[in-house]
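Asks: Got a structure here, written out as structure tokens. Questions coming.
The values are calculated or read from the model by the stated rules, or taken from the named source; none is laboratory data. Everything quoted here is computed from the prediction, not taken from an experiment. Methodologically, a virtual Cβ is constructed for each residue, glycine included, from the backbone with ideal geometry; neighbour enumeration extends over all protein chains shown. We work out accessible area using only protein heavy atoms, side chains counted, and drop any ligands, DNA or RNA first. Shrake-Rupley method; radii C 1.70, N 1.55, O 1.52, S 1.80 Å.
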Amino acid sequence: MSELSTHVVIAGGGIGGAATALALARAGARVTLFERAPEFGEVGAGLQIGPHGSRILESWGLLDEVLASGVQPDNLVFRDAITAETLTTVDLGPRFREHYGGPYFVTHRSDLHAALVGAARQAGVELFTGRTVVDIVTDGPRAIVTTDDGATCEADVAVAMDGLKSRLRAKVSPDDPVASGYVAYRGAFPRDEVGLDVDLHDVVGYIGPRCHFIQYPLRGGTMLNQVAVFESPGYRAGEQDWGHPEELDAAFAHCHERVREGVRHLWRDRWWPMYDREPVENWIDGRMILLGDAAHPPLQYLASGAVMALEDATCLAGYARAGASGGIPDWSQILKQVNAERAPRCNRVITTGRMWGELWHLDGTARLARNELFRVRDTESWKYTDWLWGYSCAGS
Ligand SMILES: Cc1cc2nc3c(=O)[nH]c(=O)nc-3n(C[C@H](O)[C@H](O)[C@H](O)COP(=O)(O)OP(=O)(O)OC[C@H]3O[C@@H](n4cnc5c(N)ncnc54)[C@H](O)[C@@H]3O)c2cc1C
């Protein structure tokens with residue numbers, strides 16, 4: 001007998017959609033998920049998950065599985081990209097784990113995604129690939145979901161988790177993604193293949209003028225994951241198609257040798273121009289709610305976009321459980337509660353992410369002042385991170 005007597009359709013099977021499907025199915029809902037891609041999958045790069053995410057994975061019984069293929073780094077280390085001087089560190093050891101109630105870890109995206117999809121499948125979610133959701137309309141208490149094969153599916157509620165370029169977001173807001181002018185290059189390679197002499201116990205971020213470079217281990221330290229981000233001259237010049245590989249080496253030419261060496265080991269056949277969206281307060285259109293990147297895509301500087309989607313999932317399932325009378329959820333009330341709880345939090349991640357990027361990318365005197373602030377930071381204090389890593393959703 002289902003705990004929740006309800007049917008939910010989810011559009012999008014990324015980390016957010018898979019997590020939401022799992023959380024709702026575990027709460028007893030019947031869940032149908034449509035993914036546009038022919039197969040479930042994720043780009044083969046790394047992901048950092050702070051304790052705000054690991055506590056949720058623990059509550060779903062998935063933390064041990066993802067930790068088994070991941071790495072728990074010793075520290076987050078911030079270095080100046082030009083001098084390679086260590087400016088400040090965050091110790092991720094026992095005191096950190098006790099304070100935040102969970103570990104900080106890094107994982108291969110596909111490992112986390114596969115764990116979520118596998119658990120969702122086991123929980124009975126109806127999973128469809130190769131089906132694009134083209135529309136969701138509300139008819140009284142029903143959400144009518146149309147897919148690109150012309151089929152319609154009726155449910156009590158629909159969750160749109162179709163990512164940064166969400167087509168379903170147009171139902172609540174006419175805005176477009178906002179280009180940051182920065183572009184990311186990634187690379188994840190077997191450590192032996194790369195042959196770089198890097199310390200693979202930490203997440204290391206080199207921050208510099210208009211650029212930064214991140215290194216961390218994956219898969220028990222057998223792989224090196226790297227991300228290089230820089231302001232694209234092509235974007236500044238108004239080019240339509242910006243961020244090409246020719247820009248990459250020049251962007252890091254002024255950086256320390258360790259950074260330049262690392263930059264040689266990135267994929268050059270694909271790159272990710274960085275976009276976010278202006279924060280919006282309302283994510284609801286009748287019986288549909290936007291969540292994950294569709295609702296609140298941040299720039300990646302706080303390493304929390306995927307975790308926001310995990311938080312959305314646990315929050316929605318928590319309010320659905322609490323708002324069900326005799327197993328029947330009052331969806332219009334529940335969607336309002338989730339929107340009210342999540343929008344201030346996720347919008348803060350967007351706006352703080354933008355500021356954090358500005359701070360990392362400073363040049364000249366401002367860079368020197370930033371470095372001094374980082375050097376004198378009280379490394380025993382949590383005052384800058386409690387809001388991010390200490391949060392638990394009221395409804396979960
Ligand atoms: C360089 C980089 C580094 C990052 N690092 C981190 C990090 O360290 N930690 C962190 O927490 N976050 C990080 N993020 C952010 C994180 O990747 C995203 O926030 C997260 O993946 C969003 O998940 P989502 O499921 O909401 O959206 P997506 O991952 O975009 O998934 C959307 C899914 O919907 C499908 N889809 C799209 N349209 C339709 C449709 N109409 N019908 C059906 N399916 C559809 C897509 O195929 C896709 O599978 C990073 C992002 C970038 C770019």
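Asks: If I filter the stretch 42-51 for residues that are at positive phi, at pLDDT 95 or above and either crowded, with 17+ Cβ neighbours inside 10 Å or in a strand (DSSP E or B) (or both), do I get at least one hit?
Replies: From the stretch 42-51, those at positive phi are none; that's our starting set.
Scanning the stretch 42-51 turns up no residue that is at positive phi, at pLDDT 95 or above and either crowded, with 17+ Cβ neighbours inside 10 Å or in a strand (DSSP E or B) (or both).
Asks: State which residue is nearest to the ligand (Cβ to nearest atom) when the search covers only the stretch 275-312 and only residues that are of a type in the set (Gly, Ala, Ser) and under 16 Å from Val9 (Cβ atoms).
Replies: Of all residues in the stretch 275-312, those of a type in the set (Gly, Ala, Ser) come to 286, 292, 294-295, 303-306, 309.
The next check asks that each one be under 16 Å from Val9 (Cβ atoms); those that pass are 286, 292, 294.
Numbers: Gly286: 18, Gly292: 2, Ala294: 6 Å.
Looking at the filtered set, the residue picked out is Gly292.
Asks: Conditions first: (1) assigned to a loop (DSSP other than H, G, I, E, B); (2) touching a Lys or Arg at 6+ places or on another chain (Cβ under 8 Å); (3) more than 15 Å from the ligand (Cβ to nearest atom). Trp242 passes all but one, so which condition is the exception?
Replies: Of the numbered conditions (1) assigned to a loop (DSSP other than H, G, I, E, B); (2) touching a Lys or Arg at 6+ places or on another chain (Cβ under 8 Å); (3) more than 15 Å from the ligand (Cβ to nearest atom), the odd one out for Trp242 is (2).
Asks: Of the residues that sit in the stretch 122-135 and are in contact (Cβ under 8 Å) with a residue 40 or more places away in the chain and of a type in the set (A, V, I, L, M, F, W, C), which one is nearest to the ligand (Cβ to nearest atom)? It would help to see each step written out before you state the result.
Replies: Quick first cut of the stretch 122-135, residues in contact (Cβ under 8 Å) with a residue 40 or more places away in the chain only: 123-133.
Right, trim to of a type in the set (A, V, I, L, M, F, W, C) and you get 123, 125, 127-128, 133.
Details: Ala123: 18, Val125: 14, Leu127: 12, Phe128: 9, Val133: 4 Å.
My answer is Val133.
Asks: Another question about this same structure. In the stretch 97-121, how many residues are of a type outside the set (Gly, Ala, Ser), in a helix (DSSP H, G or I) and touching a residue at least 40 places away in the same chain (Cβ under 8 Å)? Before you say what the answer is, go through the steps one by one.
Replies: Just the residues of the stretch 97-121 that are of a type outside the set (Gly, Ala, Ser), to begin with: 97-100, 103-109, 111-113, 116-117, 121.
Checking which are in a helix (DSSP H, G or I) leaves us with 97-100, 109, 111-113, 116-117, 121.
Then keep just the ones that are touching a residue at least 40 places away in the same chain (Cβ under 8 Å); that gives 97, 99-100, 109, 111-113, 116-117.
Here the count works out to 9.
Asks: In the stretch 343-378, which residue that is among the β-branched types (Val, Ile, Thr) and farther than 23 Å from Arg55 by Cα is least open to solvent (accessible area, probe 1.4 Å)?
Replies: Our first condition is that a residue be among the β-branched types (Val, Ile, Thr); within the stretch 343-378, this holds for 349-352, 365, 376.
Those still in the list that are farther than 23 Å from Arg55 by Cα too: 351, 365, 376.
On the way: Thr351: 60, Thr365: 114, Val376: 96 Å².
Looking at residues that are among the β-branched types (Val, Ile, Thr) and farther than 23 Å from Arg55 by Cα, I get Thr351.
Asks: Hey, can you tell me all the residues within the stretch 38-59 that are more than 8 Å from the ligand (Cβ to nearest atom), under 24 Å from Glu98 (Cβ atoms) and in contact (Cβ under 8 Å) with a residue 60 or more places away in the chain?
Replies: Selection gives Pro51, His52, Arg55, Ile56, Leu57, Ser59.
Residue-wise test of (1) surrounded by fewer than 21 Cβ atoms within 10 Å (Cβ to Cβ); (2) more than 20 Å from the chain's Cα centre (by Cα).
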site: Gln72; (1), (2): yes, no
site: Ala81; (1), (2): no, yes
site: Ala84; (1), (2): yes, yes
site: Pro94; (1), (2): yes, yes
site: Leu112; (1), (2): no, no
site: Ala115; (1), (2): no, no
site: Gly124; (1), (2): yes, yes
site: Thr129; (1), (2): yes, yes
site: Val134; (1), (2): yes, yes
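Asks: Checking the conditions here, which among Cys393, Cys315 is more than 30 Å from Ala251 (Cα to Cα), at pLDDT below 95 and open to solvent by less than 60 Å² (accessible area, probe 1.4 Å)? First the steps, then the outcome.
Replies: Numbers: Cys315 fails: at pLDDT below 95.
Exactly one residue qualifies, and that residue is Cys393.
Asks: To continue, here is another question. Filter the stretch 315-351 for residues that are of a type in the set (S, T, N, Q), farther than 30 Å from Tyr182 by Cβ and either out of contact with any helix residue (DSSP H, G or I) (no Cβ under 9 Å at 6 or more places or on another chain) or within 14 Å of the ligand (Cβ to nearest atom) (or both) and give the result. Full working, then the answer.
Replies: Here is the first cut: in the stretch 315-351, the ones of a type in the set (S, T, N, Q) are 325, 332-333, 337, 339, 347, 351.
Subset that is farther than 30 Å from Tyr182 by Cβ: 325, 332-333, 337.
Listed by number, the residues that qualify are Ser325, Ser332.
Asks: A further question on this structure: Testing Arg342 on (1) out of contact with any Cys (no Cβ under 8 Å at 6 or more places or on another chain); (2) basic (Lys, Arg); (3) in a helix (DSSP H, G or I), one condition comes back false. Which one is that?
Replies: For Arg342, the exception is condition (1).
Asks: So which of Ala29, Ala68, Ala81, Ala25 ends up being more than 16 Å from the ligand (Cβ to nearest atom) and touching a Cys at 6+ places or on another chain (Cβ under 8 Å)?
Replies: Numbers: Ala29 fails: touching a Cys at 6+ places or on another chain (Cβ under 8 Å); Ala68 fails: touching a Cys at 6+ places or on another chain (Cβ under 8 Å); Ala25 fails: touching a Cys at 6+ places or on another chain (Cβ under 8 Å).
Residue meeting the stated conditions: Ala81.
Asks: Which residues, counting only those in the stretch 369-396, are more than 14 Å from Leu87 (Cβ to Cβ) and touching a Phe, Trp or Tyr at 6+ places or on another chain (Cβ under 9 Å)?
Replies: Trp382, Thr385, Asp386, Trp389, Gly390, Cys393, Ala394, Gly395, Ser396
Asks: Which of the residues that make up the stretch 136-166 are over 18 Å from Asn282 (Cα atoms), within 9 Å of the ligand (Cβ to nearest atom) and open to solvent by 30 Å² or more (accessible area, probe 1.4 Å)?
Replies: Result: Asp148, single match.
This table checks each residue for (1) part of a loop (DSSP other than H, G, I, E, B); (2) farther than 30 Å from Val145 by Cβ; (3) at pLDDT 95 or above.
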| site | (1), (2), (3) |
| --- | --- |
| Phe230 | no, yes, yes |
| Gly234 | no, yes, yes |
| Glu246 | no, yes, no |
| His254 | yes, yes, yes |
| Glu278 | yes, no, yes |
| Ile289 | no, no, yes |
